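Please read the structure below before turning to the comments.
Nothing in this text is a laboratory measurement; each read-out follows from the coordinates by a stated rule. Given the structure is predicted, the values throughout are model-derived calculations rather than measurements. Ideal geometry is used to build each Cβ from the backbone, glycine not excepted, and the neighbour counts take in all protein chains shown.
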């Protein structure tokens with residue numbers, strides 16, 4: 001049984017308690033704030049701030065929180081990387097119920113860093129979708145990049161096979177980076193920086209059975225978009241491609257698909273089920289999200 005522990009702030013613990021509110025049990029071990037049981041994972045939060053994830057789905061569940069834990073604090077300054085000619089890799093869509101997972105690897109030469117920065121490139125989460133729509137096309141014209149899109153049907157197949165989302169992301173990052181390394185040849189980047197979603201050792205463990213694994217000069221850093229502009233560029237392009245895919249899917253199903261995984265998503269999925277039946281979700285949604293069961297209940301009312 002997989003076990004993972006993260007350290008959470010008081011604010012994050014409260015957010016987790018609210019997130020797992022419907023899954024909280026009555027049994028509390030010594031020192032615990034709450035225990036929540038989900039399919040494939042038990043989450044135990046302690047007053048010390050430690051949160052234990054246990055079960056076959058532990059890696060997938062902990063991935064939802066690792067970006068907010070103190071494991072995601074800003075990295076120590078790495079001047080030799082910040083000013084390097086580097087590939088940056090980032091993903092979008094893993095927390096959205098509707099839409100694919102998009103991973104982009106982007107290369108920024110050291111001679112381009114100042115120019116790309118002057119364009120207003122920064123972490124896509126700090127930009128509106130409208131700003132990304134204006135910036136991304138120009139960025140894509142000026143930065144070598146490769147995109148990998150994992151459509152919902154394939155995502156659902158992998159997830160049903162027992163593959164955790166963290167392994168899915170590792171496979172996609174390695175594929176995008178590999179395609180870009182091949183495109184750039186004979187140029188060799190001085191660094192390959194992945195926005196960390198899991199520890200580097202586990203990242204490569206997930207890739208153990210792959211035949212083409214990029215290992216040289218690969219770094220996994222939290223908040224990597226603050227370390228190198230190539231990661232920020234990758235995040236913007238990935239978001240732009242994701243938004244285009246969401247628009248395409250919306251046209252296919254005949255209604256606007258909302259982003260995220262909140263109540264508005266449940267309502268939209270319920271409408272789709274009422275119009276087309278639950279099978280429609282296979283091609284546009286990540287079925288293992290709790291939204292699926294909620295939408296089915298809403299559709300039956």
Query - Cα→Cβ-extended label distance, 7 Å offset, between residue 22 and residue 213, nm - result: 3.9
Query - the chain - mean residue ellipticity at 222 nm from DSSP helices (-39,500 (n - 2.57) per run, n ≥ 4, rounded to 500) - result: -12500 deg cm²/dmol
Report summary line: Cα convex hull volume per residue for the chain, in Å³, equals 139
Report task. Please work out the FRET efficiency for the pair residue 160 and residue 10, using the Cβ-Cβ distance as r and a Förster radius of 30 Å; give the result to the nearest 0.05. Result -> 0.20
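Which percent of the Cα-Cα distances in segment 145-206 go past 19 Å?
39
Can you give the FRET efficiency for residue 114 and residue 204, using 1/(1 + (r/R0)^6), R0 = 25 Å, r = Cβ-Cβ distance, to the nearest 0.05?
The formula returns an efficiency of 0.15 here.
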Query raised in the report: Helix 263-276 versus the longest principal axis of the chain: what angle, 0 to 90°, nearest 10, using Cα atoms?
Result: 80
Requested in this report: Compute the acute angle (0 to 90°) between the alpha-carbon long axis of helix 10-19 and the principal axis of greatest extent of the alpha-carbon atoms of the chain; round to the nearest 10°.
Outcome: 60
Query - Sequence-separation-based contact order of the chain, relative, with Cα cut under 8 Å and 6+ spacing, percent - result: 22
Query raised in the report: Whole number please: convex hull volume per residue of the Cα set in segment 79-246, in Å³?
Result: 110
**Report entry** Solvent-free Debye scattering, log10 I(q)/I(0), computed from the Cα coordinates of segment 164-264 at q = 0.12, 0.16, 0.18 Å⁻¹
**Finding:** -0.51, -0.83, -0.98
Query raised in the report: If you take the square roots of the eigenvalues of the alpha-carbon gyration tensor of segment 248-300 and sort them as a ≥ b ≥ c, do you get rounded (a/c under 1.5), prolate (a/b over b/c) or oblate?
Result: rounded
